[in-house]
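Below you'll find the structure, written out as structure tokens, and then a few comments.
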Amino acid sequence: MSGAHVVPGEPDAAGSPSPPRRVEVRVDGVVQGVGFRPFVFRLAEEYGLAGFVLNDSAGVLIEVEGPAAAVDAFVAAIPARAPVLARVEAVAVRDLAATAGRGFSIVASDDAGGPDALVSPDTAPCADCLTELRAPTDRRYRHPFVNCTNCGPRFTIVRGVPYDRPLTTMATFTMCDACRAEYDDPRDRRFHAQPNACPACGPRVSLVAADGADRAVREEVRRALAGARDVVAGAAALLAGGRIVAVKGAGGYHLACRADDDAAVGALRARKHREDRPFALMVADVDAARALVALGPAQEALLVGVARPIVLAPRATAAPISAAVAPRAPDLGVMLPSTPLHHLLLDDVGTPLVMTSGNRSDEPIAHEDDDARARLADIADAILLHDRPIHVRTDDSVLRAREGAPLMLRRARGYVPESVALPIAAARDVLAVGAELKSTFTLARGSRAWVGHHIGDLRNAETLASFTSGIAHFERLFAVRPEIVAHDLHPDLLSTTVARQREGDGLVLVGVQHHHAHLAACLAEHGETGPAVGAIYDGTGFGPDGTAWGGEILVGDLRSFTRVGSLRPVALPGGDRAAREPWRMACAWLIAGLAPGAEVGIPRALRDAVEPTQWENVARLARSGFAAPPTTSMGRLFDAVAALCGVRAVATYEGQAAAELEGIAAAGDHGAYSLPRARDGALDACATIADVLADLRARVDPAVVSARFHAGVARGTAVACAAAASAAGLDRVVLSGGVFQNRLLADLTARELRATGLRPLLPERLPPNDGGVSFGQAAVAAARTAT
């Protein structure tokens, strides 16, 4: 802004009245679909200014004219008083010639040029809308789609920008006179709320028997509808009676049943072919959550936030749910209702509900009605659906709370598509295709990167189709025209195949080593370029030497890295099969610690889980190296210890053994096993395994063994990082990779590092697992190609 101004009509230093001031104000950030224009309108009226405001493809454009002091105050108030869902990133002011205009108006959106505005995520219903939802005298009483500019769907319904109703899935719903009056009134909280509707003009819900339901179920659905006051109450009656109902939410379908009904939960687990992985739970409010989990302030803050993620928290003693909800899991995943429809269901059922993704294992969630009816036909008894289309399927986000910060495990609904800043701007548009597990993509333009929603594991045609369609949607939505495609070094990943296909379209390939991408993602998230030390621990990632890395000590920045240490390599018997059968890694680590040729018997905890001939065959593989490539995987070390402790010999989902090992760890300080560092920088866990075996043979409780193991890995990691930091003259250490989803390990390692004077950096806005790899790839590609 220019210098000091005086109010028109008052004399300046020369005694002449000062002229009015007119300025153009450009506001960038999440400023569309969040009530920003009516906020500006009311602000201009408050300061007595003339002019206009409009949405365009770059954000919000304002022109105001009036007394200079009032104009200055108006501009200062924009970021200070912005609507709750807005995120103002920049306010640019340019002086214009005064026009002596009168009045202030909101004008139609200008959609010229390519889209550059930020689309906001879906958000939970606000308090005002929930009051209307539950007020019998309100015209939106029990309307499952109540929303306003302060809440409701955004990302899942938007087809393009500017964010106006014709470019959303609400385009086919014509507003009634009452809704139109609200929509057109800048003083109303529903002014230009694009999903605005009511029972007279908006989407409608329906309840049908699943296509696979038998005659008895179909009759039960008919009776439920006949005896209920509305469709949602009918669905609630089915749930209360023990039925499984597929429920259409904001970003896709859930499969729901009563969480306290053993038969219902068992049937859902059997029909979905989900053996052990815990189910998520939905509860009506925070008090109901406290009956299930121990909520500290950090967990509660995440739970009640507008994103409404699934929050993992310690299971409460005697939580009133079926044992089949989360077998052997010390934590439960709990969320509050994320839509008005969910609020009504929880109000009507009166008990916590299982609310798990509407899919079969390893498939993307169903979000289109016909697809849901086909794919969920033999899982659900009934389907609660509605006629507002979902444009982008978006799963629930999942978080934990660790010391002083959130720990993102899955980033999706409520957080996507918020952009993440790049510390080195991309000179050319970038597409980063990520890894293969917990897949995401990232698109980057300039200093802004959009990390796509969690897709899942790229192992089937449906997931791959969701991945490629998501990329295309983001390219259109944010006008990213990639010239560079960043990818993992592993040549056989489906994501690498996608990159090679884009190379055929003329894009330049940039290969990024997997663990470097983890390091870069954390650095870039924190706005840093490096260099830094990184302890990057995960399952496996393709190393430049062609071996399977996974327990790495790196020194690097956004452009490059050096490997200065790693976990000692051991055999990976059977390759990927070892991740599904942790006992194989127990065998491999036992053999690694023995003298060559020495025999190793089956440990006591595994004798009932492994046949002697299986053990002998795997031992031969480990010794010979045949079908047993070397790996430095820290994830597989955790698997080995879990198997030795009798926690988990065979896993039914990725990361299960390590998660259950963390879950049994005894609280308090029980000492730490050794994890010595050799002269070549290798962390030799053979000593750790020896300590574990000694304690187990002495009948030490596996809970104490787990605690000592976690403490030993944390201490050994901190010692190795301190040595690397000292040698490189650095004070920052990144802790990332899927193993650092382990809250206990992350907290212990961070404490050890701080005790040595080092500053730990951990991912917060993005997952430490492979869900953050695509952002790291984009950051590396931007840095390497910067001019």
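The residue of the stretch 249-272 that is farthest from the chain's Cα centre (by Cα), among those that are over 14 Å from ASP396 (Cβ atoms) and open to solvent by less than 20 Å² (accessible area, probe 1.4 Å), is ALA264. Only one of THR529, THR496, THR540 is open to solvent by 30 Å² or more (accessible area, probe 1.4 Å), within 15 Å of GLN777 (Cα to Cα) and in contact (Cβ under 8 Å) with a residue 60 or more places away in the chain. Can you tell me which? One residue alone meets the criteria, THR529. Do you know which of the residues in the stretch 584-597 that are open to solvent by 10 Å² or more (accessible area, probe 1.4 Å) and either in a helix (DSSP H, G or I) or of a type in the set (A, V, I, L, M) (or both) is modelled with the lowest pLDDT? Among those that are open to solvent by 10 Å² or more (accessible area, probe 1.4 Å) and either in a helix (DSSP H, G or I) or of a type in the set (A, V, I, L, M) (or both), it is ALA595.
For the stretch 768-786, a residue qualifies if it is open to solvent by less than 10 Å² (accessible area, probe 1.4 Å) and in a loop (DSSP other than H, G, I, E, B), and the qualifying residues are PRO768, ASN769. Hey, could you check the stretch 209-232 for residues that are within 18 Å of LEU344 (Cα to Cα) and not in a helix (DSSP H, G or I) and say which is most open to solvent (accessible area, probe 1.4 Å)? Among those residues, the one meeting the criterion is ARG229. Looking across ARG165, ARG139, one residue alone is within 23 Å of PRO186 (Cβ to Cβ), in contact (Cβ under 8 Å) with a residue 60 or more places away in the chain and of a type outside the set (A, V, I, L, M, F, W, C). It is ARG139.
Taking strands (runs of 3 or more DSSP E) as the structural unit, those lying wholly within the stretch 31-114 and holding at least 1 residues that are open to solvent by less than 10 Å² (accessible area, probe 1.4 Å) correspond to 50-56, 59-66. Exactly one residue among GLY663, GLY601, GLY635 is farther than 30 Å from GLY543 by Cβ and in a helix (DSSP H, G or I), and that residue is GLY663. Scanning the stretch 718-734 for residues that are closer than 23 Å to TYR673 by Cβ and open to solvent by 40 Å² or more (accessible area, probe 1.4 Å) gives a single hit, VAL719. A single entry from VAL420, VAL416, VAL354 fulfils the requirement of being farther than 25 Å from ALA284 by Cα and open to solvent by less than 20 Å² (accessible area, probe 1.4 Å): VAL420. The residues in the stretch 349-396 that are part of a loop (DSSP other than H, G, I, E, B) and over 13 Å from GLY252 (Cα atoms) can be counted, and the count is 11.
Of the residues making up the stretch 442-481, those that are open to solvent by less than 20 Å² (accessible area, probe 1.4 Å) and either under 25 Å from THR785 (Cα atoms) or in a helix (DSSP H, G or I) (or both) number 18. Being charged (D, E, K, R) and surrounded by 24 or more Cβ atoms within 10 Å (Cβ to Cβ): is that true of ASP557 here? No; evaluated as a whole, the condition is false for this residue. Determine if the stretch 504-514 includes at least one residue that is under 30 Å from MET585 (Cβ atoms), open to solvent by 10 Å² or more (accessible area, probe 1.4 Å) and without any contact (Cβ under 8 Å) to a residue 60 or more places away in the chain. Within the stretch 504-514, one or more residues are under 30 Å from MET585 (Cβ atoms), open to solvent by 10 Å² or more (accessible area, probe 1.4 Å) and without any contact (Cβ under 8 Å) to a residue 60 or more places away in the chain.
The residue that is nearest to SER469 (Cα to Cα), counting only those in the stretch 366-385 that are open to solvent by 10 Å² or more (accessible area, probe 1.4 Å) and in contact (Cβ under 8 Å) with a residue 24 or more places away in the chain, is HIS367. On the stretch given as the stretch 673-694, residues that are closer than 26 Å to ALA651 by Cα, open to solvent by 40 Å² or more (accessible area, probe 1.4 Å) and in a loop (DSSP other than H, G, I, E, B) total 1.
The values are calculated or read from the model by the stated rules, or taken from the named source; none is laboratory data. Worth saying up front: this structure is predicted, and the values here are computed from it rather than measured. Note that each Cβ is placed from the backbone with ideal geometry, even for glycine, and that neighbours are counted across all protein chains shown. Note: areas computed on protein heavy atoms with side chains; ligands, DNA, RNA excluded. Shrake-Rupley method; radii C 1.70, N 1.55, O 1.52, S 1.80 Å.
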